[in-house]
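Below you'll find the structure, written out as structure tokens, and then a few comments.
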Amino acid sequence: MDDQDSSSKKNTRKLKTYQEARLQNIENLRKLVVDAAATLLQEEGPENVTVRKVAQKMDCSTKIIYSLFVNKEGLAQQLYLDGCKLLADEFEGTPHADDPAQHLLNFGETFWQFGQQYSSYYKLMFGGAFADFKPDEESMHGTVTAMRQLMTVISHAQEQGLIPGPYDTETVIRIFWGSLHGVIHLYMGGHLGDVQSAHTVYRHTLTLVVGSLFPNQSS
């Protein structure tokens with residue numbers, strides 16, 4: 001009886017086909033290459049993320065990198081999606097506030113900190129660091145997913161009548177997000193002085209934007 005049970009278990013064991021195993025190995029290799037590129041991105045900046053340098057870090061030929069990602073833009077897309085995951089995780093850790101205006105202020109501070117902690121990812125995602133890379137539909141979907149919590153807070157505030165006006169949720173998000181991007185880009189371009197001075201300008205901008213969205217709420 002025991003032998004029969006053992007035989008039955010062996011017969012029901014799911015075996016991978018060669019094609020399944022090959023695809024899994026390719027996916028694992030892609031992840032290792034992206035990890036190597038991400039390390040370069042963080043340590044040396046986006047301008048130093050090249051297929052040649054990634055291949056050197058992986059101790060492999062550039063041909064292997066090209067076979068997995070076609071070109072540098074394909075690798076950049078994977079880094080972009082990794083950046084979206086990092087941003088989503090940062091938003092997930094943002095302190096919650098019952099007051100939606102305060103919650104937006106908290107989100108704004110999180111976005112500043114993301115730009116500081118992951119400046120290379122920020123430059124890749126929002127700063128055009130890879131001149132030939134333009135986010136495709138999948139990349140833009142990753143951005144939307146990362147911003148989902150922000151969208152939810154703004155949408156709920158609109159439903160409650162706390163954010164008046166003719167603008168839809170997407171437009172409000174663009175106003176909020178675009179204003180903050182502007183300050184971060186000016187700082188990264190060296191136009192706002194040191195980080196403390198730039199952060200002060202950022203906080204003032206954030207307060208003004210949130211105040212304009214909630215005109216009936218005292219600061």
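Taking other Cβ within 10 Å of each residue's Cβ, how do TYR167, TYR80 sort, fewest first?
Values: TYR167 15, TYR80 23.
Lowest to highest Cβ neighbour count: TYR167, TYR80.
Of the options (1) 60; (2) 47; (3) 53, only one is percent of Cα pairs over 22 Å apart as computed from these coordinates, and that is (1).
Per residue of the chain, what 222 nm ellipticity follows from adding -39500 (n - 2.57) for every DSSP H run with n ≥ 4, rounded to the nearest 500? Intermediate values should be presented prior to the final figure.
Values: 11 runs with 162 residues, N = 219.
Value at 222 nm, helices only, nearest 500: -24000 deg cm²/dmol.
Considering only ASN28, THR62, GLY45, the residue lying farthest towards the positive end of the dipole of region 17-70 is THR62, judged by Cα position with unit charges set on Cβ. Each Lys and Arg Cβ is given +1 and each Asp and Glu Cβ -1; about its Cα centre, region 72-219 then shows a dipole of about 360 debye. The ranking of GLU137, GLU90, GLU27 by Cβ neighbour count inside 10 Å, starting from the fewest, reads GLU137, GLU27, GLU90.
Which entries of LYS16/LYS72; LYS57/LYS134; LYS31/LYS134; LYS31/LYS123; LYS16/LYS53 have Cα-Cα distances beyond 27 Å here? Working shown, then result.
Details: LYS16/LYS72 32 Å; LYS57/LYS134 25 Å; LYS31/LYS134 21 Å; LYS31/LYS123 21 Å; LYS16/LYS53 34 Å.
In this structure, LYS16/LYS72; LYS16/LYS53 exceed 27 Å between Cα atoms.
All of the numbers you see were taken from the coordinates with simple rules; none came from a lab. All values derive from a computational prediction rather than experimental measurement. Note that each Cβ is placed from the backbone with ideal geometry, even for glycine, and that neighbours are counted across all protein chains shown.
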